[in-house]
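One structure is given below, encoded as C-alpha cells.
Derivation of every value follows stated rules applied to the coordinates shown; laboratory data play no part. Here the structure is a predicted model, which is why all the values come from computation and not from measurement. No Cβ is skipped: glycine too gets one built from the backbone with ideal geometry, and neighbour counts run over all protein chains shown.
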Amino acid sequence: MIEESRSRSLSDFTVELDVYSGPYEWLLALIMRDEVEIFEVPLRELVSLYLSNRDPERRDTLERDTDFAGSAAALVLLKSRTLSPAAEPEAEGDEGEALTPEQLAEKLARYLKIKRGAEHLRERFRENAGFHPSGHVLRARLGKLKINQGRLVGTARRAFSRLTEPPVRHLGPITVTLQDLADLIRSSLARGPVSYEELTRDMDRLNSAVAFAAALSLASEGHLKLSQSEPLGPLTFEVAESAS
Amino acid sequence: MTESARTMAASSRVEAILHVSPRPVTAATLRSTADLSDKELRAALSELETRYSPESSGIVLRNVAGGYQLATNPACAEAVERFREEARPAPLSSAAHEVLSCVLYLGPLTRGAVSAVRGVNSDAVVRNLLDRGLLAEVGTDQESPGSPALLAVTDDFLAATGAVSRDDFPALDSLVGPEELARVRERLGSADENTDGSAGEDTISEQSPESA
C-alpha cells in the first residue's frame, strides 16, 4: 500500500509526535510492521508538520507534495480500516443490533472500567520496567528438554489454523451450474469456433467464471480445444479433433 | 550444624537457584530443590530480602508471577542497559494496555470478544502482545463458531507488572466510582432526549465506546 518509491523524496522529512520521533519513512515502515499502532498516530498533526516544513521554493516540491499526499492517503485508509468494527459479529453477539439506553450505558460503563484498568496497568508497567532478571537461560540437555505444552499447542494452532475465509456475500445466490455452461459452450461450438469474450459478453462475473471452469473441464475431457495466440490474448474455443 | 549456620546454608541454596533461573521460581519448587521445610524457606527468603534490600544492593528479590526472582535494582537499570547495549522495549501503546486490561479482568477472552469490548478491531494489537509474550492462547471457545482461541495473560505479564497473581490488581468495579458511572448514564440519557425524533424511543444505535 505504501510503496517505497513514494517516500524517497521525503527522506529528509522528520516528524516529532508523541508516539514517534524520527524520519517519516521509518514511521511508515514501523506502521506497516505493526510496531507503531496506526490509531496512535495523529494524522492531522502529521499533515500540519508536513505543511509547516514545506518549502515551496524547492525544486522537488511538487514531487514531495505528491509523495506525501499518496502516503498520507494510504495512512488514512489504513487507519479507517483499523478502526472499522471487528469482523466477527457472531462472537460479539450484539454487533449491529440496536441497543437500549440501559444496554449502551452498561457497555460504556464496562469500557470505562477497562480503560481505567489500562491506565492502572500503564503505571504498573512503568514502575516495573527497570527490573532485569538474573536471566541465565539453561541450555537444554538431551532427555531433559522441557516442553511447555501450552506454548507448543499455541504454536501448532497458529501453524495449522485455516486462513480467514474470504467474504462471498457480494456474490449473491449461485444460480448457475457447470453443466449449464458446458451445454451452452457445446451449442455455441456447433456454429464453429467461438471466443471466450464473445461467449461471456452478456454474462456477469460469476457466470463468466463458471463458463471458464466449464471450458477447462470440457478441454480436459477432450471435447474442446483452447487456443490463445499470445499470453493474455483472446481465448478461442473450438471442437477438438478427437471429439469431431 | 547450628540453627544459624543451617539458615545461612539454606539461604545460599535458595540464592543459587534463583540466580540461575530466568523465571520466577515457586515456593514449592524452592522447597523441593533446596531440600527445605516451610519454616526454613521462609527464613531463607527473609534473609535474602534483607541481603538484597533495594536501598543497599544492585540485586533485589522480587515476589512476582507466583514465585521468587532475583533481578537488577531498577535504580541501576540505566547502567545495565548501557552495558548490555540494548534499549528497553518500547512502552506499550494505549490500545495494548486496553487489550491487556480486557483479558486480565474479563478473560480468558477470544479476539472477537476483546474487539467487542473495545469497539474496534484489536487483532493487530493482540498479535503484538502474543509476540511479546504478555498474552497466550490457553484454549478454545468450543461454544463459538470455529472454536476461536481464548487469550489469557501470562506469567511474563505478571512479572512485567510486578504482580504475584491476577488477584494482585484492583477489582474492576473499584476502578470507576458510582458517581462517575451515574454521570455516564445521565449524559447518555440527556443525549437520547436531545436527539431529534429519538426522544421517547426505547432503543438507540450502537456506537463505539471510543467515540463516547
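Per residue of the stretch B:159-169, in order, report the coupling 6.51 cos²θ - 1.76 cosθ + 1.60 (Karplus, θ = phi - 60°) as ³J(HN,Hα) in whole Hz, putting x for Gly and Pro.
5, 5, 9, x, 9, 6, 8, 5, 6, 8, 10
Can you tally the net charge around residue A:179? Count Lys and Arg as +1, Asp and Glu as -1, for every other residue whose Cβ sits under 15 Å from the Cβ of residue A:179. Each step should come with its number before you reach the end.
On the way: positive: A:186; negative: A:180, A:183, A:221.
That works out to -2.
Check which residues have an amide H placed less than 5 Å from residue A:224's amide H, if you skip close sequence neighbours.
A:219, A:240
Computed over the Cα atoms of the stretch B:3-84, what is the convex hull's projected area averaged over all directions, in nm²? Walk me through the intermediate numbers first.
Values: hull surface 22.4 nm².
Answer in nm², one decimal: 5.6.
When Cβ neighbours within 10 Å are restricted to other protein chains, what is their mean count per residue of peptide B:114-122?
Values: counts 4, 7, 10, 6, 5, 7, 6, 9, 2.
Whole-number average of other-chain Cβ neighbours for B:114-122 is 6.
Scan around residue B:109 for amide H atoms under 5 Å from its own, H built in the peptide plane at 1.01 Å from N, and keep only partners 5 or more places away or cross-chain.
Those lying under 5 Å, H to H, from residue B:109 are B:151.
Quick query: amide H of residue B:139 versus all other amide H atoms, modeled in the peptide plane; which residues come in under 5 Å with a sequence gap of 5 or more or a different chain?
B:150
Please list, short to long, the whole-number percent of alpha-carbon pairs of the stretch B:16-136 in consecutive 10 angstrom bins beginning at zero.
P(r) over the stretch B:16-136, rounded to whole percents: 11, 29, 26, 25, 8, 0.
Figure the gain on full extension for residue A:213 and residue A:11 (residue separation times 0.36 nm, minus the Cα-Cα span) and round it to one decimal in nm. Kindly include the intermediate steps, with their values, before the conclusion.
Numbers: separation 202, 0.36 × 202 = 72.72 nm, distance 4.83 nm.
Stretched fully, the residue A:213-residue A:11 segment lengthens by 67.9 nm.
Take the Cβ-Cβ distance between residue A:198 and residue B:132 as r, set R0 to 35 Å, and report the resulting FRET efficiency rounded to the nearest 0.05. It would help to have the intermediate numbers written out before the result.
Values: r = 58 Å, r/R0 = 1.65.
Efficiency for this residue pair is about 0.05.
Spelling out what I want: for every residue of the stretch B:16-29, take phi, set θ = phi - 60°, compute 6.51 cos²θ - 1.76 cosθ + 1.60 (Karplus), and round to whole Hz; glycine and proline get x.
The phi angles translate into 5, 5, 5, 5, 8, 8, x, 10, x, 10, 6, 4, 4, 5 Hz.
Are there any trypsin sites (Lys or Arg not before Pro) in the stretch A:175-244 that are in a DSSP loop and have at most 16 other Cβ atoms within 10 Å? List them by number. Could you put the intermediate results ahead of the total?
Working: sites: A:186, A:191, A:201, A:205, A:225; in loops: A:191, A:201.
Taking the stretch A:175-244 and a limit of 16 other Cβ atoms within 10 Å, the loop trypsin sites (Lys or Arg not before Pro) found are A:191, A:201.
Counting other Cβ atoms within 10 Å, keep those with at most 16, restrict to DSSP loop, and tell me which GluC sites (Glu not before Pro) in the stretch B:92-183 are left.
Working: sites: B:98, B:137, B:143, B:179, B:180; in loops: B:143.
Loop-located and lightly packed - B:143.
Assuming 0.36 nm per residue, please report the length gained on full extension of the stretch residue A:63 to residue A:187 beyond their Cα-Cα distance. Let's see the in-between values first.
Details: separation 124, 0.36 × 124 = 44.64 nm, distance 5.63 nm.
Between residue A:63 and residue A:187, full extension yields 39.0 nm more.
Compute the normalised compactness of the stretch A:4-83: alpha-carbon radius of gyration over 2.2 N^0.38 Å, N being the residue count. Show your work: numbers first, answer last.
On the way: Rg = 12.0 Å, N = 80, 2.2 N^0.38 = 11.6 Å.
Output field value: 1.04.
What list of ³J(HN,Hα) values in whole Hz, one per residue of the stretch A:223-238 in order, does the Karplus curve 6.51 cos²θ - 1.76 cosθ + 1.60 (θ = phi - 60°) give from phi, with Gly and Pro shown as x?
In residue order, the calculated couplings are 8, 9, 10, 9, 9, 9, 5, 8, x, 6, x, x, 9, 10, 9, 9 Hz.
Computed FRET efficiency, Cβ-Cβ of residue A:103 and residue A:34, R0 25 Å: what is it to the nearest 0.05? Please list the in-between numbers first.
On the way: r = 33 Å, r/R0 = 1.31.
The formula returns an efficiency of 0.15 here.
For q = 0.16, 0.24 Å⁻¹, what log10 I(q)/I(0) does the stretch B:132-192 give under the Debye formula with an equal point scatterer on each alpha carbon and no solvent?
-0.79, -0.90
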